[in-house]
Each structure stands twice: as C-alpha cells, then as structure tokens.
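The values are calculated or read from the model by the stated rules, or taken from the named source; none is laboratory data. None of these values were measured; they are calculated from a predicted model. Quick reminder, even Gly has a Cβ in these numbers, built from the backbone with ideal geometry, and neighbours come from all protein chains shown.
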Amino acid sequence: MTDHTSLIQINPDPRILTLLVIGAEDNVKAHILRQHTLGVTDAGLWSKPMPVPNCADKVMCVLNRILA
C-alpha cells in the first residue's frame, strides 16, 4: 500500500490552518458539501479523497486555509 501521508504538505506559515476530514467516503463528501452550502469553504478547494492507510473503509480530504 502507498503511504499517502507524504502527499499532505504541512505549511509552516502560522496563518495557514490545515483541515483534515476522515470517514466513510459518502460521509466525507456530505460534510464537504454541507460546509460549502453553509458558506464555510468552497467544495472545490478540498483535496481529492485519499485512502486512509490501514483502514480500507475510510478516506481523508485536506484543505489549507489562510486565516486573516
């Protein structure tokens, strides 16, 4: 299995907030769409779902946001 943790870049800039959502793919997508509907984040800014290592039924999506 590929180690996907290397794909997630942690930015040292203190203004950057990294959000990580982990769960069943349908639930993760529903959460992202809910945040979009509420105007919290644009759904297109999240990463594509990536499998969670050693957890076959879970995916993760990442979003980096700059805090003002």
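What to note about this one:
- All positions within the stretch 39-67 that are over 16 Å from residue 28 (Cβ atoms) and hydrophobic (A, V, I, L, M, F, W, C): 66, 67
- Taking the criterion of being exposed (fewer than 14 other Cβ atoms within 10 Å of the Cβ), in a loop (DSSP other than H, G, I, E, B), at negative phi and in contact (Cβ under 8 Å) with a residue 24 or more places away in the chain, the residues of the stretch 39-67 that qualify are 53, 67.
- Flag: residue 36 matches the condition of being closer than 22 Å to residue 68 by Cα, of a type outside the set (D, E, K, R), in a helix (DSSP H, G or I) and modelled with pLDDT of 95 or more.
- Here the stretch 10-33 is the region considered, the condition is being of a type outside the set (Lys, Arg) and assigned to a loop (DSSP other than H, G, I, E, B), and the residue that is modelled with the highest pLDDT is 24.
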